[in-house]
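Read-outs: derived from the displayed coordinates by stated rules, not from any lab. It should be emphasised that the depicted structure is a prediction, and the values quoted were computed from it without experimental measurement. Here Cβ is always computed from backbone atoms with ideal geometry, including for glycine, and neighbour counts include all displayed protein chains.
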Amino acid sequence: MSPLSTVDVLLWLVFPYVCLVILVGGLVWRYRYDKFGWTTRSSQLYERRLLRWGSPLFHFGILVVLLGHVMGLLIPESWTTALGISDDAYHVVAVALGTVAGVCTLVGMAILIYRRRTVGPVFSATTKMDKVMYLVLGTVIVLGLANTAIANILGSDYDYRTGLSVWFRGIFYLQPDPALMAAAPIGFQLHAVAAFALFALWPFTRLVHAFTAPVGYLTRPYIVYRSRDAHMGSRAPRRGWERTGS
Amino acid sequence: MRVMAQMGMVMNLDKCIGCHTCSVTCKQAWTNRSGVEYVWFNNVETRPGQGYPRTYQDQERWLGGWTLNRRGRLSLKAGGRLKKLFSIFANPKLPAIEDYYEPWTYDYDNLVQAPLGDHVPVARPKSLISGEDMQVRWSANWDDDLGGGPDLTRSDPTLKAMTEKANTQVRLEFEKTFMFYLPRICEHCLNPSCVASCPSGAMYKRAEDGIVLVDQDRCRGWRMCVTGCPYKKVYFNHRTGKAEKCTFCFPRVEVGLPTVCSETCVGRLRYIGVMLYDADRVAEAASTTDEHDLYEAQRRVFLDPNDPVVAREAERAGIPRDWIEAAQRSPLWALINTYRVALPLHPEYRTMPMVWYIPPLSPVVDVVRDAGVDGEDAGNLFGAIDALRIPIGYLAELFTAGDPAPVTTVLRRLAAMRSYMREVNLGRPTDESIAATVGMTGDEVQDMFRLLALAPYDERYVIPTAHTELGDPTALAHKLEETATECSLDYEGGPGMVGGGPFGEGSGGAAPIAVENFHMLKDRQTADTVADPSDRVQRVNLLNWDGKGRPEGLFPAPPAERPTAPQLMEGTDPDGEVEPRP
C-alpha cells in the first residue's frame, strides 16, 4: 500500500474531527447564546401551496435517508450477515429505499428552493446563511444520490460497507484508518467531505431545529403547568445582585 | 380537591361602543413590532360578522379546540400526538396570512418627495409582507359596523349554525338588522388546547395565576398551537419564527395593575378578578357529553371562596391569604355565580375559557323602543326578550352552545335591573315584584347595578399582587422583564442592545418589548424627516412600518444620492414657482 499523502491525512483524519468539534461546540454555544433564535423559521404563513408538497417530501425523504445511513454506516456487515441477510438482499433493499428516498428528498428540496426564490416574502426572509446551507446541503444530497445510482445500478466493485463504513465508525472509537477513504472512489470521497462540511455548518444554520425534534410530545401530559418563578424573564440578575440562598 | 387560582376577565357587552381603544393600546404595548404587524392580541369584532381571522369560529374547517372521541373522552379536534408529529412539516390547518389580512403601510414619503407634476401625489399602500404595492382588501375589522353586509355577514359561522338549528333567517337588510361588538382577548382557558397542541412543551399555564404563556426560548415554531386554539388567539411571528399571544399583561397584573386593554377601556366594561377552581374536576367538566351542559359544568368547577373548607384547602395548596381574600371580593365571582349574568364564549370548544361575557340587552331595548313602546318597562322587555328569538338564538350560539335558556335568564335579569332602577332614579317607590320575577331581591339588584353601571375602579379590578417571596428566590418577580417596579431598560447590555443577531432578525436574546418601544418612540420624536432611514430597527410611517424590504421610493435617498436641487418637470422654469399646479 502506498504511503498516505498529506492531503489524505488532512482530509480523512483531521478534517472530520475538526468538523465534529465545530458541530458539538457550535451546538453548545448556540444553545447557550441563542435559544431564542433556535427555531424552524417556518415560512408557511407566507405561502402554503408549494410548501404542502415540498416540505413533507423533503423531510420524510431525508428521514429515510438518515435511516439508510444508520444501516449502511453504523451497522457492520458482519451483523447483517449473522442475521442471515444476504449481500444481494441487502443491496436490493438499499438501492430501492435509497433511490426512492433520495429522489423524494431531491424533488422536495427542488420545490422548496423554487418556492424560496419565486415567492417574494419567502425570498426576502432568506438569510445569507440559508443560501450557504442550501448550497452545501444540495451538494451533499446530489452527490449521495449520484453515488447510489452509480455504485448500485451501473455496477461498481467498490463495497462501501468494508471501506467507507469502517473508516466512519473508526472516527467514533478514535481509530479511523485514512487509507480506507484514500482508496474509495472519488464520488464517495466528495460526498464524505461535503457531508462533514455540512456538519460543521450545522450549528450556525436553521438546521439546528433537527436537534430539537419534539419526540417528547408523545409522552408528556397535555397541559403543562409551570411556576411563575421557575423560568421567566430574559435577563440574568446583575452582577453583585444575585440573591443568597436564604 | 386541588385548589388553583385563575386570573380572569368579564366583559359587559352592553357597554361596548366599538371604539377599538383596547385594540389600539394593546397593539402599541405588545405587537407594534416587525413580524407581528398583522397580530391583534385584542380585537373587537362586530357581530354578526366573520371575525378575525375570517370564519375562525368554523371548527369544522379549522379544527380548533377539543372534541369527544367515540369513547367519550377528550381529544384534540385536529388530531392526537402522532397525527400532529406527522403533519408537522406542513400544518394542514394553519390560517394563511390572507385569512388574517395582509398588513400594509402607506408610501407617505411620496407625498413630500414627489416631483412637481400635474397630479396631486398619493400615498400608495405597500404590503408589509412583500414590500410591493398592494390592494387593500381585508383587515382585522373590515366588516366593522356591518360594513360590507349583508354579503360579508352571511359568511358568519355563528349565523350559519344558528340558521341551521333554529331554521330562522336573521334579517340583514338595512335598518332591520341587529349588531353588537365583541371584544376578544386570549381566553386563558382552564383546559387550553393550544398548550396541549404544542409539540415542544413551550406553552404553559402559570401555576400561580393560570395565565397561559409561550416560553420564547423553547418555542421552535412548529405552529400547532395556532391550529389548536379555537379562538385563534395564538399568532405566529413570521420574523422570529415563534408563537406569540396575549399575556394578560402579566408584568402589570403582577404588580396589581389591570391589563392595558382594561385600563384604557372607554366604556369601563372590563372586570378583572381571581377565581378559585378545582383543578381535579376540569377534565371531567370539559368531557360533559351534552354541549348545553358545559356552561353549568364549568360553573361547578369554580369553588366558593367564602366557603371555609375551600379557603382552608386553598391555603393548604399554597395560595396566599390575600389571594383568597381577593377571590372573595372578585367581580368575576359576583358576575358569574352570585348574579349569574356572565356567560363563557363558545363553551362547546371544551377549553373552559376564562374570559366571560355579559350578553347585550341593548339590541332588544332598541327594538322595543323603536316599536313605539316604553323600552324600560319590565313587562314590555320581558315580552320582547321572548319574542325576539333572533338575537337570543345568536347570543346562545356564542355563549351557551345554542341553548337559549341561560341567555334568556341573563337578559331578563338585566331587563329587570333597568326597570327596577328606573323607579329608584325617578324617586318612585321600588317595585320588589320586578326583582322577584327574576329570582333576586331588590338589594341584590341594587348591588348588581352598582357593579355593572357605576363600576368603581377598585371594584372592577380586584387584582392581588404576585408573591415574590414564594418559589425560587433566585428568580424574583422584580427581575422579570418589564415589571413596573424598576426601569425596563435596565437589563443586560442596556438600551443600546437592539437589533438582530448573526442568524437573522430573530437570533440573540430577546429585547424586552419596552426597549423596542423606547427606541421606536425616541426615533419617531427625534427624527427630522417623515421616514428617517438612518437606523435599521427604527419604525416609521404611523404605527408599524418595520423596515422590512426597501420598496422603491419608500425611503428618502441617502444624503449623498439626494439631488441638491428639486427635480423639475421638463420645460419648467427653474426660477419659477415650485408649487404644484392645480
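I need B:His346, B:His238, A:His91 ordered by Cβ neighbour count within 10 Å, fewest first. Working shown, then result.
Values: B:His346 22, B:His238 27, A:His91 15.
Lowest count first: A:His91, B:His346, B:His238.
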Would you report the distance distribution of C-alpha pairs in chain A as whole percents per 5 angstrom bin, up to the bin with the largest distance? 1, 5, 10, 14, 15, 15, 13, 10, 7, 5, 3, 2, 1, 0, 0
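Counting only other chains, and only Cβ atoms inside 10 Å, what mean value do you get across the residues of A:117-125? Mind dumping the intermediate values first?
Numbers: counts 0, 0, 1, 6, 11, 1, 1, 6, 9.
So the per-residue partner count for this stretch is 4.
For chain A, return all DSSP H helices satisfying: extent of Cα atoms along own axis at least 18 Å; mean Kyte-Doolittle hydropathy at least -0.5. Numbers along the way, then the final one.
Numbers: long enough: A:15-33 (26 Å, 1.15); A:49-69 (31 Å, 1.02); A:87-118 (45 Å, 0.92); A:128-148 (30 Å, 1.13); A:186-201 (22 Å, 1.90).
Flagged H segments are A:15-33, A:49-69, A:87-118, A:128-148, A:186-201.
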Calc'd 3J(HN,Hα), region B:410-424, phi into Karplus 6.51 cos²θ - 1.76 cosθ + 1.60 (θ = phi - 60°), Hz, glycine/Pro = x, comes to 4, 5, 5, 5, 5, 5, 4, 4, 4, 5, 4, 6, 5, 4, 4
Hey, with R₀ at 41 Å, roughly what FRET efficiency would A:Val24 and A:Thr118 work out to, going by the Cβ-Cβ distance, to 0.05? 0.65
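What is the mean number of Cβ atoms from other protein chains located within 10 Å of the Cβ atom of each residue in peptide A:47-57, rounded to a whole number? Working shown, then result.
Values: counts 2, 7, 2, 1, 4, 4, 1, 2, 4, 5, 2.
Mean shielding by partner chains, rounded to a whole number: 3.
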In region B:198-212, whose amide N lies under 20 Å from the spot 7 Å out along Cα-to-Cβ of A:Phe211? List them in ranges. B:200-202
At R0 = 22 Å, how high is the FRET efficiency between B:Arg450 and B:Ile17 if r is their beta carbon distance? Nearest 0.05 is fine. 0.55
Average Cα contact separation per residue, region B:359-455, under 8 Å, 6 or more apart, as relative contact order %: 22 percent
Taking the simple approach of a point 7 Å from Cα along Cα-to-Cβ for both B:Met134 and B:Leu111, what is their distance in nm? 2.0 nm
Quickly rank B:196-202, A:131-137, A:217-223 as a protection proxy: mean count of other C-beta atoms within 10 Å, highest first. B:196-202, A:131-137, A:217-223
FRET efficiency for B:Arg61 and B:Asp370 from the Cβ-Cβ distance with R0 = 41 Å, rounded to 0.05, comes out at 0.65
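What translational diffusion coefficient, to the nearest whole µm²/s, does region B:110-243 have by Stokes-Einstein, given a Kirkwood radius computed over alpha-carbon pairs, a temperature of 25 °C and 0.890 mPa s viscosity?
Working: Rh = 19.3 Å.
Diffusion coefficient, whole number: 127 µm²/s.
Using packing as a proxy for protection, rank A:84-90, A:177-183 so that the peptide with the highest average count of other Cβ atoms within 10 Å comes first. Don't skip to the answer; put the middle values down first.
On the way: A:84-90: 11.0, A:177-183: 18.1.
Ranked by mean Cβ neighbours within 10 Å, highest first: A:177-183, A:84-90.
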From other protein chains only, count the Cβ atoms within 10 Å of every residue's Cβ in A:173-185, then give the mean. 0
Using just the Cα positions, wrap region B:1-46 in a convex hull and report its mean projected area in square nanometres, one decimal place. 5.5 nm²
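With an 8 Å Cα cut-off and a minimum separation of 6 or more residues, compute the relative contact order for chain A in percent.
Numbers: 202 pairs, mean separation 77.0, N = 246.
Once divided by the residue count of chain A, the mean separation gives 31 percent.
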